[in-house]
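**Student:** Please read through the structure below; I'll follow up with questions.
The values are calculated or read from the model by the stated rules, or taken from the named source; none is laboratory data. The structure displayed is predicted, hence computed values, not measured ones. Backbone-built Cβ (ideal geometry, glycine too); neighbour counts: all protein chains shown. What goes into the accessible areas is simple: the full protein's heavy atoms, side chains included, and nothing from ligands, DNA or RNA. Shrake-Rupley method; radii C 1.70, N 1.55, O 1.52, S 1.80 Å.
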Amino acid sequence: MLAVKAVRQAAIARLATANLQLKLGISPVTRPRSLPETTAYVRITYQSWQQGRLEGEVHANDYVWQFQWQFPKGGLTIEPSLGRALIREPLGRFLEKCDYQLEAGGDYSFTIRAKL
């Protein structure tokens, strides 16, 4: 008898919570929000394993940057400065992840989880 009473109380509590959520305008069912995305296009213009250097350009929406990556040192230089903060981290992750697959003259792309 106590188990039935406990189940009823739990059901009443769930209903009260759902009603309160509806009154407050909170949906009891959470829907995943879609994150903004921008595709960045990369073209490798120079590659030297002896110098440990990779150069290229990145296009994302209306932005265009030239970059130079010194991969043994981990140094990434990006010009021009306009929008540099938006691309530095995602480009660095892309280069570190794909460095051995990138070739001069190659075209690549990756997704940025932001709207540029």
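**Student:** Percent of accessible area on the range 33-116 owned by carbon and sulfur, 1.4 Å probe? Present the calculation step by step, with values, prior to reporting the outcome.
**Tutor:** On the way: 2530 of 5460 Å².
Here it works out to 46 percent.
**Student:** Let me ask another. Provide the net charge surrounding E37, with neighbours chosen by a C-beta distance below 12 Å and charges set as Lys +1, Arg +1, Asp -1, Glu -1. All intermediate terms of the calculation are to be shown ahead of the outcome.
**Tutor:** Details: positive: R113, K115; negative: none.
Charge balance near E37 sits at +2.
**Student:** Are there GluC sites (Glu not before Pro) in the range 51-116 that DSSP marks as loop and that have at most 11 other Cβ atoms within 10 Å, and which are they?
**Tutor:** Answer by residue number: E103.
**Student:** Just to check I understand the Karplus step: with θ = phi - 60° and J = 6.51 cos²θ - 1.76 cosθ + 1.60, what whole-Hz values come out for the range 106-116, glycine and proline as x?
**Tutor:** My calculation for the range 106-116 gives x, 10, 9, 8, 8, 9, 9, 7, 7, 9, 9 Hz in order.
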